[in-house]
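Beneath this line is the structure, given in structure tokens, with notes to follow.
The values are calculated or read from the model by the stated rules, or taken from the named source; none is laboratory data. All figures in this text were calculated on a predicted structure; none of them were measured in a lab. Here the Cβ positions follow ideal geometry from the backbone for every residue, glycine too, while neighbour counts run over all protein chains shown.
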Amino acid sequence: MWLRYTPLPLDPVLHGYVQVIAGLLAVVFAAVAIVRFYGVQDRVSLILGAGFLLSGAILMASSILFFQFSRESAAHILSAPVAWWVNRLLLCLLFVAAYLVDWFLPRSRHPKGETAAALLSVVGLTYLITAALRHLPAEISAQPGALVPNPLQLLPAALFFLALFGYRGRLFYADSAFDRTVYAAVWLCLAAQLAASQSVRLLDGPFLLAQGLQVTSYAVALGGALLDNARLFQQVRHLATSDPLTGLANYRRLLDVLEAETERTNRNGRPFSVLLLDLDGLKQINDTYGHLTGTRAILRVSDILRVHCRAIDMAARYGGDEFALVLPETEEEEARRVVERIRAVMANDTEQPSISASIGVSVYRGDGERIQKLLSQADEKLYSEKAQRKKRGASPIQTNRRRTPRIT
């Protein structure tokens, strides 16, 4: 109410540029939201993306109107462009629609068809809103001195207030940067509508505050969508280079690390070592205790490698029951100490069945060997040790223990 009578410099051209910036933010958010939809199949992203796409187009188109105003004529303008009303109503209706669709149909099954349907639905909704607002009163406020000079703005405010409850509940099961910033954007849109309800004429104080809050809401939503997409891409990259069972690096990541270490050794002459580990008697564990216990044995080995190695070492799952450990800047003698430490930890593990591993060591000293040869040398030593264990009759488990039932 105080802003109604606050003298502000009127600059329609500046406001036109603000409209353009808001439209660009909305379009970029739409693109990011639709990309997110194809990644997580979240219909909220699709509906809001389609809505913001058209909202941004409306904002940029309506900005032309402000570039046509002069400073003198802007002070007496009492009429609001229909595009302004369409944009506000479209946005609040889409927030409510996105929540309702998320409640009843949270996941998508046909992304391409639903994307086209969402775009057509938003276009149709825009047309219906425009047709309904053709006979909207031209004046922003028919009662400039009233407590609420622009009560029509309370309708979008009520819809935004309704959407707040839905997105507040969504945060309990979908607490991501995207959802938190969408929730914050709804609050900002509600505040923008309450400010707009105090507007007496175009470009007065409450009008400028409402536009500023709306631009801020677009920026907040875009920032959250970008952060959430960055998190999703990071997860995808991690899944592409890690083993889904153990969380260790996978074979692809192992080859990349070996390539980097060979290049480093060729430059500085400092050798590195590779350990290949093969869990002894995994088939016997599976046959005696069940496959769940066998899986647990694999996890126990991965935990030992993860916890009892240096921060610069890299552990990877090489195959089904085979693991690799890359030791940068490590000679063979030090690598042998690492082998003994791993064996000691396995021997002192009180969890049953007891586990052991055959381990082969290979050292790269910068003599131009290929990675395949490096791994082959470690593999030969591993199976040589495994053959010696079989000759001695060593067994990783006690076969006279009571068999545990399998879960079928």
- Message: Tell me the residue from Arg201, Arg180 that is out of contact with any Ser or Thr (no Cβ under 6 Å at 6 or more places or on another chain), basic (Lys, Arg) and surrounded by fewer than 20 Cβ atoms within 10 Å (Cβ to Cβ), please.
- Response: Arg180
- Message: I'd like the full set of residues that are surrounded by fewer than 18 Cβ atoms within 10 Å (Cβ to Cβ) and either in a helix (DSSP H, G or I) or not charged (D, E, K, R) (or both), limited to the stretch 263-278.
- Response: Glu263, Arg264, Asn266, Arg267, Asn268, Gly269
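Rundown of residues vs (1) of a type in the set (Asp, Glu); (2) closer than 30 Å to Gln372 by Cβ; (3) in contact with a Pro (Cβ under 7 Å, 6 or more places away or on another chain); (4) touching a residue at least 12 places away in the same chain (Cβ under 8 Å), yes/no style:
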residue: Ala163; (1), (2), (3), (4): no, no, no, yes
residue: Arg168; (1), (2), (3), (4): no, no, no, yes
residue: Asp179; (1), (2), (3), (4): yes, no, no, yes
residue: Tyr183; (1), (2), (3), (4): no, no, no, yes
residue: Trp187; (1), (2), (3), (4): no, no, no, yes
residue: Gln198; (1), (2), (3), (4): no, no, yes, yes
residue: Ala230; (1), (2), (3), (4): no, no, no, no
residue: Arg253; (1), (2), (3), (4): no, yes, no, yes
residue: Glu259; (1), (2), (3), (4): yes, yes, no, yes
- Query: What is the one condition in (1) at pLDDT below 85; (2) within 18 Å of Ser376 (Cα to Cα) that Arg310 does not satisfy?
  - Reply: (2)
- So, first residue touching a residue at least 12 places away in the same chain (Cβ under 8 Å) and buried (at least 19 other Cβ atoms within 10 Å of the Cβ) in the stretch 279-299, second residue of a type in the set (Lys, Arg) and assigned to a helix (DSSP H, G or I), Cβ within less than 8 Å, six or more apart or across chains; the pairs are Asp280/Lys386; Asp280/Arg389
- Got a sec? Which of Leu325, Leu382 is of a type in the set (A, V, I, L, M, F, W, C), at pLDDT below 85 and either in a strand (DSSP E or B) or surrounded by 15 or more Cβ atoms within 10 Å (Cβ to Cβ) (or both)? Leu382
- Message: Being of a type in the set (Val, Ile, Thr) and surrounded by fewer than 22 Cβ atoms within 10 Å (Cβ to Cβ) is the requirement here; does Val220 meet it?
- Response: yes
- Task: Check Leu374, Leu292 and return the single one that is modelled with pLDDT of 85 or more and either hydroxyl-bearing (Ser, Thr, Tyr) or part of a helix (DSSP H, G or I) (or both).
- Result: Leu292
- From Leu255, Leu239, Leu227, residue being assigned to a helix (DSSP H, G or I), closer than 30 Å to Arg341 by Cβ and out of contact with any Phe, Trp or Tyr (no Cβ under 6 Å at 6 or more places or on another chain): Leu255
